[in-house]
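K.L.:
Let me give you the structure first, and then I'll get to my questions.
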């Protein structure tokens, strides 16, 4: 407490108050001015209070002292984020401070309470601390004894913001956009007046010098903005959406990396006709495929592309103009080499070949049968790696037809390290194996034994010893007796095998599952009809199963809509996504491929023929759209063999001029 003064001093104090002074001074013997008020002032109130939460982002600040303060000593930064002045507000430990609005400063008549507002809204869901430094002084010019700093600070309210931004670029030219920007509004819009859409130079930085592209009022029904052939401004990398209030914008935006879509031919490998690239496979940071450059010095051979330089020949397996790789198939990586089907003489002697990055080599001449002067090959297909071995469907030429084979990767020795596993069809008949799929420690596939089970799903447990039915291998007899359920497109989804099959009781070929839990899969309870999409005896023939974000996409056929794109979420019945080819016409979605949270596929319409389509699965109101009309008009470019390499999608397409060449689609 200040010391009481006698009556004379009180009169002097009243006089000095008229002069704007609240202290009595005299000169000491040393000539210095001395004050009778020698005690430091104290901070006694704050707003927002220390440890308070849910503080509005447009809050004002108030500081109360236990005595009158000299106004000019209550100062602050107003032009920058430097921590200067006696009143400082910071959320980063006072490395930087919030600039204050000098016009908002108000002082109580007794000069004890000072109120001020930040120059702009504070960041939502952030903790700020207020500091009053010793530069703050009372009317007797006594400073605070020490800096006053909030111990906990106050936390601002989480300002509701847009939930997401969606945009699909329909313009395939580089650095040019066409499409609709869609904003998913905040769940709680209380306190918001709208949303501001900006170009951004980063995920939280507005492009310098740019004004909002569009302001949306909260009252608008749709928060959408259409861009048509819009050139992307230099330096722009994102779309930013800031929530707007009556006093300003949120400090933190919702952002979307600008999805600039590019679609173009990689190279005209065959300048005189189609190169017909096919059988793509990624290995050692390169894309491998078969192609014919049309020069006549080589035929369809193994090519490679590093994503930067022009594609080039990797190996001329059948020297000269003849082709070693005409048939599309499947290339796989096994034991750090590339394996595929090829030939190096004759016209039917396809065998298993490997490529080590330098040289292509025959693994083994499995089928050496000669008939009428022609050498037959084993024609290995369905190459699949399982349990450290390479499995495939091949024709051995030993009277057992075409069956399931394996090679263990060591020196090939027919019947030992490379051998037929089991003669499912018996004798010289073929089992027509397809869809080799690894699931729950077994290899599943479709096969036809021609006698007992017909064409059903079979399994093999990897044993190469004595093969016992229902112990080492067996079948799921969906359609009883020798009749065939003709399963197709086996895939793994949600811990089950999903496939199309026809059980023969009047529901057609529909969606089925197998859970893999039975020790020997002979119990019908472990596999059953999942959904009858048509609802009658006709077949929806589901196929092309592809998983994306926990959902299974596929094509299916109904009488009303033809063959279109469907989705199954693992719980509810499957749903048709849209009618790409209107009415009962079929879009025939094919080559379904996942690329950057998009589903890419080929689809057919009467207007454009078969072209490349995309579907943004994270846009709840979106529909499949054509990415580009590569072959203008109704002819269609017939995109196929879709393959991801270096974060880009490569495929074969025909633009109607160059013929089948390698194309690329990507989003920068």
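The values are calculated or read from the model by the stated rules, or taken from the named source; none is laboratory data. Computed from a prediction, not measured in an experiment: that's the story for all the values here. Here the Cβ is made from the backbone with ideal geometry for all residues, glycine too, and neighbour counts use every protein chain on show.
K.L.:
Can you tell me which residue among 513, 499 is farther than 11 Å from residue 541 by Cα and under 35 Å from the mean Cα position of the chain (by Cα)?
P.N.:
Numbers: 499 fails: farther than 11 Å from residue 541 by Cα.
Only one candidate passes the filter, namely 513.
K.L.:
So residue 538 clears everything in (1) under 32 Å from the mean Cα position of the chain (by Cα); (2) closer than 18 Å to residue 485 by Cα except one condition, right? Which one?
P.N.:
Residue 538 satisfies every listed condition except (1).
K.L.:
Exactly one condition in (1) in contact with a strand residue (DSSP E or B) (Cβ under 9 Å, 6 or more places away or on another chain); (2) assigned to a loop (DSSP other than H, G, I, E, B); (3) without any contact (Cβ under 8 Å) to a residue 60 or more places away in the chain is not met by residue 458; state its number.
P.N.:
Here residue 458 meets the rest and fails (2).
K.L.:
Still on this structure, I have one more. Does residue 562 qualify as being surrounded by 13 or more Cβ atoms within 10 Å (Cβ to Cβ) and over 22 Å from residue 504 (Cβ atoms)?
P.N.:
Judged against the criteria, residue 562 is a match.
K.L.:
Output yes when any residue across segment 244-254 is crowded, with 17+ Cβ neighbours inside 10 Å and at pLDDT 95 or above, and no when none is.
P.N.:
no
K.L.:
Follow-up question, since we're still on this one. Do we have any residue at all in segment 411-427 that's under 43 Å from the mean Cα position of the chain (by Cα), without any contact (Cβ under 8 Å) to a residue 24 or more places away in the chain and either assigned by TED's automatic domain parsing to the domain that holds residue 468 or under 29 Å from residue 287 (Cβ atoms) (or both)?
P.N.:
No, because not a single residue in segment 411-427 is under 43 Å from the mean Cα position of the chain (by Cα), without any contact (Cβ under 8 Å) to a residue 24 or more places away in the chain and either assigned by TED's automatic domain parsing to the domain that holds residue 468 or under 29 Å from residue 287 (Cβ atoms) (or both).
K.L.:
Give me a count of the residues in segment 465-501 that are surrounded by fewer than 22 Cβ atoms within 10 Å (Cβ to Cβ) and not in a strand (DSSP E or B).
P.N.:
Matching residues across segment 465-501 total 17.
K.L.:
Right, another one. Count, please, the residues in segment 41-69 that happen to be crowded, with 17+ Cβ neighbours inside 10 Å and not in a strand (DSSP E or B).
P.N.:
7
K.L.:
In addition: Quick one: in segment 120-168, which of the residues that are buried (at least 18 other Cβ atoms within 10 Å of the Cβ) and in contact with a helix residue (DSSP H, G or I) (Cβ under 9 Å, 6 or more places away or on another chain) is farthest from residue 196 (Cα to Cα)?
P.N.:
Among them, the one singled out is 138.
K.L.:
While we're here: Against the definition (at pLDDT below 95, assigned by TED's automatic domain parsing to the domain that holds residue 499 and surrounded by fewer than 16 Cβ atoms within 10 Å (Cβ to Cβ)), how does residue 441 come out, yes or no?
P.N.:
Here the answer is yes, as residue 441 does meet what is asked.
K.L.:
What about residue 533, is it more than 29 Å from residue 423 (Cα to Cα), within 32 Å of the chain's Cα centre (by Cα) and either modelled with pLDDT under 90 or not in a strand (DSSP E or B) (or both)?
P.N.:
Values: more than 29 Å from residue 423 (Cα to Cα): yes; within 32 Å of the chain's Cα centre (by Cα): yes; either modelled with pLDDT under 90 or not in a strand (DSSP E or B) (or both): yes.
Yes.
K.L.:
Would you be able to tell me the number of residues in segment 308-336 that are surrounded by 20 or more Cβ atoms within 10 Å (Cβ to Cβ) and under 18 Å from residue 388 (Cα atoms)?
P.N.:
Residues meeting the conditions: 1.
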